[in-house]
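Structure first, commentary second.
Each value in this text was obtained by applying a stated rule to the coordinates, not by laboratory testing. Everything quoted here is computed from the prediction, not taken from an experiment.
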Amino acid sequence: TDYNQLGFNLRSNIFQGGPLESRSLMKDSYTLDVIQKAIRDPKNCHGRRTDELGKWHHKNALLLNLQKALEDNYG
């Protein structure tokens, strides 16, 4: 019965999803010149620098993703 009720709700378009146009709190709060002048440094995120262990984990995750992709493509 739960499955039938869920199917009915999906067919009835009760779950319409999110809004078609997204809004940003930063864009609503600041003027355009402040957003354009903002400097984003990927090495210094919110005053925190990525240490060697964080860099190693990032490289390890990339390596694991590469190995998985190669295994999927070439067996």
Fill in the blank from the handout: Here segment 23-36 yields Karplus 3J(HN,Hα) values (6.51, -1.76, 1.60; θ = phi - 60°; whole Hz; Gly and Pro given as x) of 10, 10, 5, 5, 5, 6, 8, 10, 7, 5, 5, 5, 5, 5
Fill in the blank from the handout: Partner lysines whose C-alpha sits under 20 Å from that of residue 37, ignoring same-chain residues fewer than 8 away, are 27
